[in-house]
Each structure stands twice: as C-alpha cells, then as structure tokens.
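One structure is given here, and the rest of the page talks about it.
What follows is calculated from the coordinates using simple rules that are stated; it is not laboratory data. Note that the structure is predicted; figures quoted are calculated from it, not measured. Ideal geometry is used to build each Cβ from the backbone, glycine not excepted, and the neighbour counts take in all protein chains shown.
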Amino acid sequence: MAEILTNSKARRDYHILETFEAGIVLHGTEVKSLRAGRGQLSDAFARVEKDEVFLHNAHIDEYTFGNRQNHTPKSVRKLLLHKSEIRKLGGLGAVKGNALFPLSLYWKNGKVKVTLAVGKGKVEFDKREDLKTRESDREVKRATMHRLKGK
C-alpha cells in the first residue's frame, strides 16, 4: 500500500470516529497526475447525495503532457462504496458536528483508493492538549535515548 497523498490537516483538526476504504472514479489523466504525486487533499470533503458519495474540493493537478481532453483539477469525483457503508456514512454525516473527509489516497492492487473518515471537529483546547502530549512524549524519548547513549 503506497500512499500518494495525505490530508495533513485532518488528524490535527478532527477527532476521527470511524474510517472507510473507498474506490474512486478517475479519468486517465488524473491517474497519471497522481502517479507523479501531484495533488492536494487539505480542503477536501465528502458528501452523501442520493445514495451516492462524492468527493469535493480534492485538487488533482492537470497532467502536464495531457491534451485538450485533460481533466479539471477540482472536479467532483464519485466514491465507490457498498450500499450498507453509504447508509452508515449518511447516518454518521447527518449528526450535527460530524464531517466526512478523506485522510489519504493510496495504491492498492494497481487501483487508487481513498481512506474516508468520519470525524468531529476539535476545539482550540483539544489542539493545545495534543501538542502538550506530543511534546512530553518527545521529551521522554529524548531523555531515554540520552541515558542509553551515556552508558
């Protein structure tokens, strides 16, 4: 499983409640552009519309060697999920405060897959708390490494 793109803002701004693996409908030039690693997921979100899930605001750069049939970078892309998963996503996404967003795009058996997450937004206090725990973990790790090197 080789990652293509990751959404760096997602884990910082949301408490992740549940994740789903979904396929994505892409054009040939979009796949070639993703092979070059050219895209961005930071502002992307998903929405359930009429028993289908669509990915909005995912930016995949135009393929540089493409012709006039090149894709549009921020087009809406359909996600492929089972009906039961779509119903579950619809229910979880309808709850006030929950959001559907992609965590990453990656290759699986030669196909592009999306890790779709359901999350609840963090407040500023939660973000500060995460920074404090990360910093304390880093200091503990530093201290143990220093003690190991000293012996």
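State the extension gain, in nm to one decimal, for the chain segment bounded by Lys111 and Arg68, taking 0.36 nm per residue of separation less the distance between their alpha-carbons.
Working: separation 43, 0.36 × 43 = 15.48 nm, distance 2.46 nm.
Here the segment from Lys111 to Arg68 would lengthen by 13.0 nm.
Run the simple label-point estimate for Arg47 and Glu129 please: 7 Å along Cα→C-beta, distance reported in nm.
3.2
Looking at region 71-111, which trypsin sites (Lys or Arg not before Pro) are DSSP coil and have at most 12 other C-beta atoms within 10 Å of their C-beta? The partial results should precede the final answer.
Values: sites: Lys74, Arg77, Lys78, Lys83, Arg87, Lys88, Lys96, Lys108, Lys111; in loops: Lys74, Lys96.
Loop-located and lightly packed - Lys96.
How large is ³J(HN,Hα), in whole Hz, for each residue of region 84-95 in order, when computed from phi with the Karplus curve 6.51 cos²θ - 1.76 cosθ + 1.60 and θ = phi - 60°, using x for Gly and Pro?
5, 5, 5, 4, 5, 4, x, x, 5, x, 6, 5
From largest to smallest, what semi-axes in whole angstrom does region 2-122 give when each is the square root of 5 times an eigenvalue of its alpha carbon gyration tensor?
Each semi-axis is √(5λ); the values are 25, 15, 13 Å.
Determine the distance separating the Cα centre of region 1-55 from the Cα centre of region 87-106; give it in Å without decimals.
12
Please list 36-42, 58-64, 124-130 highest first by mean number of surrounding beta-carbon atoms within 10 Å per residue. Before the final figure, lay out the partial values.
Numbers: 36-42: 15.7, 58-64: 18.4, 124-130: 11.1.
Going by the mean number of other Cβ atoms within 10 Å, highest first, we get 58-64, 36-42, 124-130.
Among the lysines, which fall within straight-line cross-link reach of Lys88, defined as a Cα-Cα distance under 21 Å, with same-chain neighbours fewer than 8 residues apart omitted?
Lys50, Lys78, Lys96, Lys113, Lys120
Need one word for region 93-145: rounded, prolate or oblate. Basis is the Cα gyration tensor (sqrt eigenvalues a ≥ b ≥ c); a/c below 1.5 gives rounded, then a/b vs b/c decides. It would help to have the intermediate numbers written out before the result.
On the way: a/c = 5.62, a/b = 1.38, b/c = 4.06.
Oblate, since a/c reaches 1.5 and b/c is not below a/b.
Peptides 8-18, 25-35: what's the order by average Cβ count within 10 Å, highest mean first?
Result, highest mean Cβ count within 10 Å first: 25-35, 8-18.
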